[in-house]
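Bear in mind that the values in this text are calculations on the coordinates, not laboratory data. The structure presented is a predicted model; accordingly, all values stated were derived computationally and were not measured. Cβ atoms come from the backbone with ideal geometry, glycine included; neighbour counts cover every protein chain shown.
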Amino acid sequence: MTVVVTPLSGSEKLRLREVFASVQDSGSLSGYIRTYGFVRFSSPCSHREIVEDNANVHRWSEQAQLEKGDSIAEGYVSELSDYTRITVTQNNLQELKEIWNQWGNETKQLFYSNYGDLPYLLDIQVDEHLLRALAQFWNPAYSCFTFGEVDLVPTVEEYTALLHCPRFQIDRIYSRAASVPTFWKKLMTITGMSEQWITARIKEKGECKCISWDALKGLILTHLDEAKKVDVFALSLYGLMVFPRALGYVDEATTDLFHRLGKRVTSVPAILAETFRSLGTCRKAGAGRFVGCAQLLLAWFYNHFRLIDKVFCRVFSEDYSPLKDIVASTKRVKVPEKNWIALLQNFQEKDVEWRAPWIIPGEILYRCGSFEWVPLLGIWGAIGYAPLLVLRQFGLRQFVPVTHGLAQSEFVYRGADYKKKVGEISSAWNKTCRLKGIAISPATTPEYIEWRDRRVNDNIPKPNVEGARPVEKYLRVMPSELEIMRQEFERKNLELEKKITKLEEEKM
């Protein structure tokens with residue numbers, strides 16, 4: 001008998017429930033596993049967190065799917081076009097990059113401690129061919145990418161690990177409040193500038209109020225307060241790179257989220273929400289501009305697509321940065337969009353790096369409150385996603401997930417009833433459910449394979465078995481920065497050895 005124990009923190013109040021579950025894992029584990037489910041309370045009337053064992057969640061999920069069905073049912077007729085014409089127009093981030101490179105180590109460390117590893121994204125080049133190809137495979141009905149026989153989606157845990165922000169509290173989410181400070185008041189708090197200075201620089205762009213990058217850049221270059229300078233730089237990163245809606249400007253919605261970061265709110269659910277919503281909006285319209293964080297999405301994809309040179313990941317080190325390693329070790333590829341599409345539509349399980357090397361096995365958020373999946377509040381709207389759909393990304397065995405209701409989960413912050421919906425989601429995040437699993441191998445249950453084969457999908461490119469070729473045939477791989485450095489080191493080392501040999505011969 002094996003005992004699986006979840007570590008307890010000293011201040012948490014716990015109610016312990018012992019559950020016996022029969023778990024069989026293809027011969028690698030035998031017999032019974034005794035598991036524990038915990039209910040954690042951070043304070044008597046605030047956040048409540050339930051941690052369930054894998055076997056219990058497995059049974060609940062399959063039963064719920066049988067009773068309620070999937071996100072879309074047999075007979076569904078997709079309205080999505082066969083090809084989505086997506087544009088990837090980005091802000092020019094060169095000036096931000098130059099400012100960052102001019103800063104000293106002390107200022108950079110202040111940024112890292114307050115806002116995490118966002119600046120590393122400045123070094124990730126946006127591959128427009130790849131991003132346009134990825135958009136074709138976004139499956140709005142299930143809020144995930146569906147590549148042939150593979151489902152993948154960025155998760156809260158993965159984006160949290162990538163951004164590596166010490167101040168994030170993972171369950172303290174951004175929620176658009178009914179009553180918020182005015183735009184100029186929030187900017188005054190962030191920048192430390194006067195009301196007169198702020199109001200003179202606020203512009204109207206379409207339906208929203210904005211402040212220009214030029215105004216913010218001037219502050220960063222001249223501000224005498226080091227902390228405020230860092231804050232304004234971080235706001236600019238969020239407005240120009242993470243939520244690039246108004247090109248050249250930072251809008252009010254972005255500022256509202258940024259204003260809450262000081263209260264240890266995590267920005268990850270909002271980043272995921274707007275990424276998913278933008279992909280879905282483009283697919284439903286048949287065209288559009290992607291306004292999510294392209295750099296972060298590509299960094300995530302590179303890890304699962306094995307475009308990262310193998311590096312020693314010091315994941316247990318507090319200062320370890322996954323994004324820093326990704327920037328240094330990503331293989332550069334030159335692939336036309338049509339080749340990416342052909343490659344992705346025939347994607348197979350063997351082509352996937354299921355669990356990113358920097359993901360530490362732990363608890364997985366899989367539902368909130370009465371929602372049977374995870375609802376995400378963005379800065380312009382909300383949407384849901386189902387982590388149980390991609391358990392292999394956590395190194396767990398994939399079983400049949402609950403997806404009912406996902407297709408109807410999205411809404412925008414307009415109209416009379418959106419505030420009620422926002423309130424319901426905010427309350428749901430006060431009662432989160434997490435899955436505690438044992439990372440063994442990214443296998444699948446027989447029931448999942450049967451379910452996946454008969455599942456009704458939205459209109460996405462279907463596998464073309466006859467035209468399938470090995471992944472390597474589609475890619476023209478360029479060496480990564482890490483590989484270039486290694487080759488240069490070996491070249492110089494060889495030259496040095498030759499010089500030493502020549503000197504020894506002359507001496508003799």
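Using only the Cα atoms, work out Rg/Rh for segment 83-124, with Rh taken as the Kirkwood radius, to two decimals. Walk me through the numbers before you get to the answer.
Details: Rg = 14.1 Å, Rh = 12.2 Å.
Using Cα coordinates only, the ratio equals 1.16.
Expressed as a whole percent, how much of the Cα-Cα distance distribution for segment 122-224 exceeds 21 Å?
The answer is 64 percent, as a whole percent.
Does segment 311-402 come out rounded, prolate or oblate by the C-alpha gyration tensor, with a ≥ b ≥ c the root eigenvalues, rounded set by a/c under 1.5 and, if not, prolate when a/b is larger than b/c and oblate if not?
oblate
Evaluate the Debye formula for segment 189-331 with equal point scatterers sitting on the alpha carbons, no solvent, and hand back log10 of I(q)/I(0) at q = 0.17 Å⁻¹, in q order, two decimals.
Taking Cα atoms of segment 189-331 as identical point scatterers yields -1.09.
Can you sort THR199, THR89 from fewest to most other Cβ atoms within 10 Å of each residue's own Cβ?
Values: THR199 13, THR89 10.
Going from least to most buried by this count: THR89, THR199.
What do you get for Rg/Rh of segment 40-168 when both radii come from the Cα atoms and Rh is the Kirkwood radius?
Values: Rg = 21.3 Å, Rh = 19.8 Å.
With Rh from the inverse mean 1/r over Cα pairs, Rg/Rh is 1.08.
Given 10 Å bins starting at zero, what is the percent of C-alpha pairs of segment 165-260 in each, up to the one with the largest pair distance?
Using 10 Å bins, I get a P(r) of 15, 51, 29, 4 for segment 165-260.
Checking the a/c ratio against 1.5 first, then a/b against b/c, what shape does the Cα gyration tensor give for segment 260-370?
oblate
Give me the base-10 log of I(q)/I(0) for segment 357-430 at each q in 0.22, 0.24 Å⁻¹, Debye formula, one uniform scatterer per Cα, rounded to two decimals.
After summing over all Cα pairs, the log10 values are -1.00, -1.10.
Let's test the formula: R0 of 30 Å, r as the Cβ-Cβ distance of ARG167 and GLU353. What FRET efficiency results, to the nearest 0.05? Display every interim value, and only then the final one.
Details: r = 29 Å, r/R0 = 0.98.
Efficiency for this residue pair is about 0.55.
What pairs in LYS185/LYS419; LYS203/LYS229; LYS186/LYS284; LYS419/LYS462; LYS334/LYS499 have C-alpha atoms more than 28 Å from each other?
As for pairs spanning more than 28 Å Cα to Cα, those are LYS186/LYS284; LYS419/LYS462; LYS334/LYS499.
Could you work out Rg/(2.2 N^0.38 Å) for segment 327-456, with Rg from alpha carbons only?
With N residues counted in segment 327-456, Rg over 2.2 N^0.38 Å equals 1.28.
So how far apart, in nm, are the two label points at LEU494 and LYS108 if each is 7 Å from Cα heading toward Cβ?
3.2 nm
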